[in-house]
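Student: Handing you this structure, nothing more for now.
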Amino acid sequence: MPKTATGNKRPYMASRQRRRALLDVAAQMVGRGGWNTLTMKGLAEEAGVSRQLVYDHFEDGTGLLLATLEHLFQESYQATAEVLQGSAGDVPSTICEAYRIFLEMPAAQRRTLRAITGDFAPDRPETRKAIALMRKQIFALWLPYARRQTGLSERELRPLVWMLVSASWGLADLVDDGTVGKEQATEMLTHFVGQVMTRAPALRRRRKAVASPRPGKRKQVRRGDPHE
């Protein structure tokens with residue numbers, strides 16, 4: 001049942017304000033119980049509104065989940081995009097500025113975003129769509145920058161970028177539990193990313209050299225050759 005008492009009227013809000021208020025509640029629900037707790041009915045009960053009002057703002061559970069993900073991620077995404085698109089400096093200074101934006105997010109919000117990759121429910125297609133959306137946005141943010149720095153293809157960079165994103169989340173966890181400070185974490189990630197970006201092209205060349213033996217080193221033997 002909705003939490004508002006019978007006879008109490010909800011304060012009037014403009015449509016945009018009401019939608020944002022619902023998304024704030026949805027984000028709190030996910031922060032407490034994970035993405036699988038977020039449903040249309042659950043949001044109505046938690047926000048103390050009718051289920052119809054929730055449907056007025058979100059078409060279905062998939063729409064609600066995707067809108068909540070965007071609500072949590074968009075501000076940080078835009079700020080980071082501005083850093084990367086306007087970057088004219090070296091890799092360390094760019095990564096340092098971008099990671100500081102990430103660490104300025106509330107810790108609960110960072111954990112909520114991270115949970116989407118591990119809170120997978122096969123019976124909830126909306127969860128799969130949320131995972132795909134978040135990865136798509138992260139790749140859209142970082143792949144162009146990484147490609148400019150390394151010259152590698154997007155296919156080669158996808159696992160590399162995701163590894164660096166995972167490292168950034170791991171360091172943020174250590175910041176949250178007090179193991180390291182923000183400045184130390186930023187310095188560590190900046191050094192790590194710089195090393196990876198610098199060495200990635202050389203590693204690709206090395207892999208190609210191993211995969212393609214030098215001509216003349218290995219004699220091809222045809223079937224039926226009397227010298228076989």
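The values are calculated or read from the model by the stated rules, or taken from the named source; none is laboratory data. Here the structure is a predicted model, which is why all the values come from computation and not from measurement. Heavy atoms of the whole protein, side chains included, go into the accessibility calculation; ligands, DNA and RNA do not. Shrake-Rupley method; radii C 1.70, N 1.55, O 1.52, S 1.80 Å.
Student: At a temperature of 37 °C and a viscosity of 0.692 mPa s, determine how fast the stretch 66-167 diffuses translationally according to Stokes-Einstein, using the Kirkwood radius over alpha-carbon pairs as Rh; express D in µm²/s, rounded to the nearest whole number.
Tutor: Approximately 226 µm²/s, per Stokes-Einstein.
Student: Mind grabbing the accessible area of THR112 for me, 1.4 Å probe, Å², rounded to tens?
Tutor: Its heavy atoms expose roughly 10 Å² to the probe.
Student: Quick one: what are the phi-derived ³J(HN,Hα) couplings along the stretch 136-145, Karplus 6.51/-1.76/1.60 with θ = phi - 60°, whole Hz, x for glycine and proline?
Tutor: The phi angles translate into 4, 5, 5, 5, 4, 6, 9, 4, x, 5 Hz.
Student: Related question: Please list ARG19, ARG32 from largest to smallest accessible area, probe radius 1.4 Å, with all protein chains kept in place.
Tutor: ARG32, ARG19
Student: Enter the accessible area per residue of the stretch 14-141 (Å², integer; probe 1.4 Å; all protein chains in place).
Tutor: Spelled out: the 1.4 Å probe surface of the stretch 14-141, per residue, equals 49 Å².
Student: Now for a different question. For GLU82, GLU75, write out the residues from largest to smallest accessible area, computed with a 1.4 angstrom probe and no ligands counted.
Tutor: GLU75, GLU82
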